[in-house]
Amino acid sequence: MSRLGTGGNIGTEAAARVRPDGYTILMRSLSPNAVNVHLYSRLGFDPIKDFESIVYVSAVPNILVVAADSPIKTAKDLINAAKTAPGKLTYGTAGVSSSQHLAASLLGIVTGTTMTHVPYKGAGIAQQDLLAGHINFMLDTTGPISFVQSGRMRALAVAAKTRSPALPDVPTFDEVGVANIHSSAWYGLMAPAGTPIEIINRLNAEANVVLRDPETKKRLATLGADFGGGTPDEFSKFVAAEVISYSVVVKASGAKLD
């Protein structure tokens, strides 16, 4: 079943309330399970206590892009421009508190720069304005890949520890000398708290088989995604670290939804 709304909160709360028998699981994602706890004064679930982690599935890193005809040629060029004229550079996102907004906020935190946020009603509209020269840059996940591959956008850096498989020639921020800018839209499977450990382990084992399949890896690579897998405990620790990390990023972004 699909229950949309409130940045994933409705569906996540519903998943937290179902019978913990292994027949209903949730595809866990960044916003409802690491970000929203810092955006909403009240959630109908606890992203840590109300769920059992099953397996990390994948993550799609944000990519720093500019239009192909932009005078900004490198990530360092962009950062230097932002330092020279605080607030002058503009970036587009799918809206306040979106993964693009928070990725740009992280860039500002790490580099000590101020850039102007221009929220849109969707990433596609922002991409068109970037191509038209109405904004200076974006940090986005899968959206820019086809534009970069077609030569309409220039990718400057990937916000991950490793390069994107879809854009292997684009360096990471770490590689261009701007450390610790890691921002991805990640996904993983979880079950409601109280699901028996033998069920969690069985689901984990089966999911790892699928994630190791060459066709699965090929499909994820076309999306610029990394390859998941691992143990439930590893995924639990990852989520807990993300909740802590985004408390700082959300505060710096100034986003608040209620």
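When segment 205-252 is examined, which residues are found to be charged (D, E, K, R), at pLDDT below 95 and under 30 Å from Thr111 (Cβ atoms)?
Asp226, Glu242, Lys251 - these are the residues of segment 205-252 that are charged (D, E, K, R), at pLDDT below 95 and under 30 Å from Thr111 (Cβ atoms).
Quick one: which residue in Ala85, Ala126 is closer than 27 Å to Thr162 by Cα and either of a type in the set (Gly, Ala, Ser) or in contact with a strand residue (DSSP E or B) (Cβ under 8 Å, 6 or more places away or on another chain) (or both)?
Testing whether each residue is closer than 27 Å to Thr162 by Cα and either of a type in the set (Gly, Ala, Ser) or in contact with a strand residue (DSSP E or B) (Cβ under 8 Å, 6 or more places away or on another chain) (or both) leaves just Ala126.
Go through the residues of segment 127-146 one by one and say whether even a single one is in a helix (DSSP H, G or I), polar (S, T, N, Q) and buried (at least 19 other Cβ atoms within 10 Å of the Cβ).
Yes - at least one qualifying residue is present in segment 127-146.
Right, Pro214: farther than 29 Å from Ser146 by Cα and assigned by TED's automatic domain parsing to the domain that holds Thr24 or not?
So Pro214 fails the test.
Residue check: is Arg19 modelled with pLDDT under 85 and over 20 Å from the mean Cα position of the chain (by Cα)?
Spelling it out, it is not the case that Arg19 is modelled with pLDDT under 85 and over 20 Å from the mean Cα position of the chain (by Cα).
I'm trying to understand the selection: among the residues of segment 149-166, which are more than 17 Å from Arg219 (Cβ to Cβ), surrounded by fewer than 20 Cβ atoms within 10 Å (Cβ to Cβ) and in contact (Cβ under 8 Å) with a residue 60 or more places away in the chain?
Gly151, Arg152, Thr162
Which one is nearest to Ala104 (Cα to Cα), of the residues in segment 179-204 that are of a type in the set (Val, Ile, Thr) and surrounded by 19 or more Cβ atoms within 10 Å (Cβ to Cβ)?
Taking the candidates together, the pick is Ile181.
For Gly229, work out the one condition from (1) in contact with a helix residue (DSSP H, G or I) (Cβ under 9 Å, 6 or more places away or on another chain); (2) under 18 Å from Val60 (Cα atoms); (3) assigned to a helix (DSSP H, G or I) it doesn't fulfil.
Every listed condition holds for Gly229 apart from (3).
Among the residues of segment 164-196, write down those that are small (Gly, Ala, Ser) and assigned to a strand (DSSP E or B).
Ser184, Ala185, Gly188, Ala191
Would you check if there is a residue in segment 218-232 being among the charged types (D, E, K, R), over 15 Å from Arg28 (Cα atoms) and surrounded by fewer than 17 Cβ atoms within 10 Å (Cβ to Cβ)?
Yes; the residues of segment 218-232 include at least one that is among the charged types (D, E, K, R), over 15 Å from Arg28 (Cα atoms) and surrounded by fewer than 17 Cβ atoms within 10 Å (Cβ to Cβ).
Any residue at all in segment 167-176 that's outside the structural domain of Ser98 (by TED's automatic domain parsing), touching a helix residue (DSSP H, G or I) at 6+ places or on another chain (Cβ under 7 Å) and surrounded by fewer than 21 Cβ atoms within 10 Å (Cβ to Cβ)?
So far as segment 167-176 goes, yes, one or more of its residues are outside the structural domain of Ser98 (by TED's automatic domain parsing), touching a helix residue (DSSP H, G or I) at 6+ places or on another chain (Cβ under 7 Å) and surrounded by fewer than 21 Cβ atoms within 10 Å (Cβ to Cβ).
Residue by residue through segment 42-100, note down the ones that are of a type in the set (Asp, Glu) and more than 27 Å from Gln128 (Cβ to Cβ).
Asp46, Asp50, Glu52
The values are calculated or read from the model by the stated rules, or taken from the named source; none is laboratory data. As the structure is a prediction and not an experimental result, all values here were calculated from the model. Here Cβ is always computed from backbone atoms with ideal geometry, including for glycine, and neighbour counts include all displayed protein chains.
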